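Okay, structure first, notes after.
Bear in mind that the values in this text are calculations on the coordinates, not laboratory data. Keep in mind the model is a prediction, meaning the values are calculated, not measured. As a convention, Cβ positions derive from the backbone with ideal geometry for all residues, glycine included, and neighbour counts pool all protein chains shown.
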Amino acid sequence: MSVPRTAALALGDDALILSQRLGEWAGHAPVLEEEVALANIALDLLGQARALLSMVGDEDELAYLREEREFTNVQLVERPNGDFAHTIARQLYFSTWQELLYGRLATGEGALAELAAKAVKEVAYHRDHAEQWTLRLGDGTELSHERMRTALAALWRYTGELFQPVEGLEVDWEELREEWTRRITDVVERAGLSLPEGPQGTSWAAGAGRQGIHTEPFGRMLAEMQHLHRSHPGASW
Amino acid sequence: MTTLLPETDQGGGPEAYEKAFDAAIAADERIEPRDWMPDAYRATLIRQMAQHAHSEIIGMQPEANWITRAPSLRRKAILMAKVQDEAGHGLYLYSAAETLGVSRDELLDKLHSGRQKYSSIFNYPTLTWADVGAIGWLVDGAAITNQVPLCRCSYGPYARAMVRVCKEESFHQRQGYELLLALSRGTPAQHAMAQDAVNRWWWPSLMMFGPPDDASKHSARSMAWKIKRHSNDELRQRFVDICVPQAESLGLTLPDPELRWNEERGHYDHGPIDWDEFNEVLRGNGPCNEQRLEQRRRAHEEGAWVREAAAAYAHKHREQGRNGRTAA
Amino acid sequence: MTTSEWPLWEVFVRSRRGLSHTHAGSLHAPDAEMALRNARDLYTRRSEGVSIWVVPSAAITASSPDEKDPFFEPAADKPYRHPTFYEVPEGVRHL
């Protein structure tokens, strides 16, 4: 069973770009233990990205030589790290979705299902990490509560895109959305917060990552990621 | 940790304790945290372990500088894992230091306020991708040469932390060497990048072993206490002897015209080290001293609200926590 | 201790089934749940373990500092507790 290219690229780009963002934390984390934790997550995601991209091409060509418009990751993962609360909110939204999606894909057949079965265990840990921190920030100090609330609200508009059908993936997206919403609601309520209000997408831009339309910070991030590789065409490293 | 049994007085005074300590050192036994030890031994260890731990976490910065720009995904993964290890090694070492009764916060305060040092090597910048390779090969190589004997250091927790560190670091040096080899055998531009990095990192790496033996103020006593097992010059020589043939295999040269084999000594002779530069960097005038410390302080300060939040949460939920699962 | 300093925890790791947990090192964490997770990241990131215990360092009660005091010395007088104390004729096996 051949791997659906669109799907492998979409999921591979999600993992690659989020890993790139998490890699920016190295040397900047709030406490040493968290340096180790964030790097673990970034490494898991990078491993997933490499496996996914390699299913449909050369991982480095795909990562380093595509233009911005050719990347099909959701916009959520490219959002800048912000403060620790923003990073945790991004992790919570994404890893909860990723765990549910990969759990469903794992029951299928073929290379993608195999990958999902392995990755879902890693992702469950990422989700747990995000949950633990959502609880601590939400129910910690007044300041942390406010920051967590702000972060959840700021990223909310990027969550709708997670449930756009991806070509080649046989998933009941509506059911996935319901389950995701249930889980997120549960966590944020336990953290003494509530689900943000407002649309999970807007008329322009938010929610078009899968179509290759990205947010402003993405181009800059890509420039940083790709410049060295592109400066030495054909070189091997 | 609390101690249940009263200390037994078997008729000896402080001299008896000192005698027991000296005997343990002489017999190559390990000193453990709750053993009696001379104040100066304790102070020396705290200073050295703290400096070592600080070096690990400051040392993350020059390499982390390239994580987002690593030129292949394989290299990106390797580099990320390596920088992560350094955070882990910092943690092992801070924990080992804490067995002597100082807290990590105290030590971090001293680092942030400049009262404790870290290895000067990290005050040099990583200007190109090849610097990541040069750090792995030369800086980690020098560090390993220094650290392997520390696995037999007389202080138990330090020695045990070093066993773990050395085991994990074995891949650090190899990845650096492999990275440089790929560049050296790559395009002319890549080769030039590798040579440039080796030129810049060679001398600072030799300085990592510290001042020459006759000018090293802490060395003799540390050797007597078996905290240190070999002199600075001895270890430096060992490192030079290892590196010369490795550089040849890399197809790169070491920037020292006086470097040559000395048949009589059975070692390589090398040119004079610029100790003025070493002292300048140590005094805070290296290219990156301010930048490194500033980033560290900022990360710590900007993270304060996160640490406070978790502490506040733990305080509120302590009761619920008691109902958690028990060990089995 | 400042309000934000997290307590110290001792970490014990079972490296594989059938072995007991052994002391791996320590770390800081705000509470037990985070201590477990930090321990997993720090002490088993090269798959060194299948099970972890974390114990607040403050909860450990230790014997007196001098490990050669009367608490342990008497045991050294009882070599008959160790199998090597007994002579067995050559050739006798499974004993």
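Here is how the numbers come out for the structure above:
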item: Using a Förster distance of 22 Å, the FRET efficiency for C:Ser20-B:Arg34 (Cβ separation, nearest 0.05); result: 0.45
item: Radius 12 Å from Cβ of C:Gly49, net charge of other residues (Lys, Arg +1; Asp, Glu -1); result: +4
item: Acute angle (nearest 10 degrees) that the helix B:232-250 long axis makes with the longest principal axis of chain B, alpha-carbon atoms; result: 40
item: Gap separating the Cα centres of the range C:36-66 and the range A:91-127, nearest whole Å; result: 30
item: For chain B, built as a Gaussian network whose Cα springs stay under 10 Å, the top-fluctuating residue of B:Arg74, B:Arg200, B:Arg30; result: B:Arg74
item: Added length on full extension, which subtracts the Cα-Cα distance from 0.36 nm per residue, B:His112 to B:Arg318; result: 71.0 nm
item: Degrees, to the nearest 10: B:289-302 long Cα axis against longest axis of chain B; result: 40
item: Dipole magnitude (debye, nearest 20) for the protein assembly as shown, charges at Cβ of Lys, Arg, Asp, Glu; result: 580
item: For chain B, size of Cβ-based charge dipole, Lys and Arg +1, Asp and Glu -1, in debye; result: 1260
item: 3J(HN,Hα) from dihedral phi, the range C:8-17, Karplus parametrisation 6.51/-1.76/1.60, rounded to Hz, x for glycine, proline; result: 8, 10, 9, 10, 10, 10, 8, 6, 7, 4
item: Under 5 Å, built H, 5+ apart or other chain: amide partners of B:Lys228; result: B:Met223
item: Shielding by partners, peptide B:88-101 (average Cβ within 10 angstrom, other chains); result: 4
item: Cβ-Cβ FRET estimate between C:Phe85 and B:Met223, R0 fixed at 41 Å, reported to 0.05; result: 0.55
item: Inter-centroid distance (Cα atoms) of the range B:15-68 relative to the range A:14-49, Å; result: 31
item: Within 10 Å of each Cβ in A:141-152, the average number of Cβ atoms from other chains; result: 3
item: Under 5 Å, built H, 5+ apart or other chain: amide partners of C:Ala24; result: C:Val11, C:Phe12, C:Val13
item: At 0.692 mPa s and 37 °C, Stokes diffusion of chain B via Kirkwood alpha-carbon radius, µm² per second; result: 150
item: FRET efficiency, B:Glu178 to B:Glu248 (Cβ-Cβ, R0 22 Å, nearest 0.05); result: 0.85
item: Cα-Cα separations in the range A:5-231 greater than 25 Å, expressed as whole percent; result: 36
item: Under 14 Å from the B:Asp276 label point (7 Å along Cα→beta-carbon), backbone N, the range B:110-154; result: none
item: In Hz, Karplus ³J(HN,Hα) per residue of the range C:26-36 (6.51, -1.76, 1.60; θ = phi - 60°; x = Gly, Pro); result: 9, 6, 9, 7, x, 7, 4, 4, 6, 4, 4
item: Axial C-alpha extent at least 20 Å, average Kyte-Doolittle at least -0.5 - helices from chain A (DSSP); result: A:5-23, A:32-56, A:84-105, A:111-138, A:142-156
item: Semi-axis lengths (Å, descending) of the ellipsoid that matches the C-alpha gyration tensor of the protein assembly as shown; result: 44, 34, 24
item: GNM top mover of B:His54, B:His267, B:His112 - chain B, alpha-carbon springs below 10 Å; result: B:His267
item: Given A:Lys118/B:Lys76; B:Lys110/B:Lys217; B:Lys82/B:Lys110; B:Lys76/B:Lys110, the pairs whose alpha carbons are separated by over 23 Å; result: B:Lys82/B:Lys110; B:Lys76/B:Lys110
item: Protection proxy ranking, peptides B:128-140, B:295-307, average beta carbon neighbours within 10 Å, highest first; result: B:128-140, B:295-307
item: Cut-off under 5 Å, modelled amide H: who pairs with A:Val166 long-range; result: none
item: Shielding by partners, peptide A:133-139 (average Cβ within 10 angstrom, other chains); result: 5
item: Mean separation of Cα contacts under 8 Å (6+ apart) over length of chain A, as relative contact order %; result: 26
item: Cα centroid separation, the range B:132-146 to the range B:296-310 (Å); result: 31
item: Highest-MSF residue in chain B out of B:Ser205, B:Ser222, B:Ser170 [GNM, Cα springs under 10 Å]; result: B:Ser170
item: Degrees between helix B:73-98 axis and first principal axis of chain B (Cα, 0 to 90, nearest 10); result: 30
